[in-house]
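Worksheet: one structure, shown below.
The values are calculated or read from the model by the stated rules, or taken from the named source; none is laboratory data. Because the structure is a prediction, the values reported are computed rather than measured. Glycine gets a Cβ as well: all are built from the backbone with ideal geometry, and neighbour counts include every protein chain shown.
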Amino acid sequence: MHSTSTCDGRPVIRLRLQQWKKHMISKGLTSSRARAVEVGLNPTTVSRIERGTIQPGREFIAASLASNPDVKFEDFFEIGFEVAA
């Protein structure tokens, strides 16, 4: 038998912004543009994710983890629930 979730809404992956920035700054990447170059993505996309305007997509997640092999998924990301308006 398995348990059911009591959370309402659809699951979403969120960036753990403080951990992300702390790790990137420790690598000398102090701007969102520098962080975008590091992970190989569009600076506008990275900036929007950091501001919380959009959720990180699979390309951002994969690029973030591939460019930081010492980091685990849960170091940079968390699963939450988006409540319908």
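Quick notes
- Residues of segment 1-17 classified as modelled with pLDDT under 55 and either under 30 Å from Ser47 (Cβ atoms) or hydrophobic (A, V, I, L, M, F, W, C) (or both), total: 1
- On inspection, Gly52 passes the criterion of being modelled with pLDDT under 95 and in contact with a Leu (Cβ under 8 Å, 6 or more places away or on another chain).
- For segment 19-53, the set of residues classified as surrounded by fewer than 18 Cβ atoms within 10 Å (Cβ to Cβ), over 10 Å from the mean Cα position of the chain (by Cα) and not in a helix (DSSP H, G or I) consists of Lys27, Gly28, Leu29, Thr30, Ser31, Gly40, Asn42, Thr53, listed by residue number.
- Checked against (1) loosely packed, with under 12 Cβ neighbours inside 10 Å; (2) under 12 Å from Trp20 (Cβ atoms), Lys72 passes all but condition (2).
- Neighbours by Cβ (under 8 Å, 6+ apart or cross-chain): first from segment 18-39, under 14 Å from Asp70 (Cβ atoms); second of a type in the set (Phe, Trp, Tyr): Gln19/Phe76; Trp20/Phe76; His23/Phe76
- Filter pass, Val12 being surrounded by fewer than 16 Cβ atoms within 10 Å (Cβ to Cβ), in contact with a strand residue (DSSP E or B) (Cβ under 6 Å, 6 or more places away or on another chain) and not charged (D, E, K, R): yes
- Ser47, sole failed condition from (1) in contact with a helix residue (DSSP H, G or I) (Cβ under 6 Å, 6 or more places away or on another chain); (2) under 18 Å from Ser26 (Cβ atoms): (2)
- The condition (being part of a strand (DSSP E or B) and either β-branched (Val, Ile, Thr) or under 15 Å from Val12 (Cα atoms) (or both)) is satisfied by just one residue among Phe60, Phe81: Phe81.
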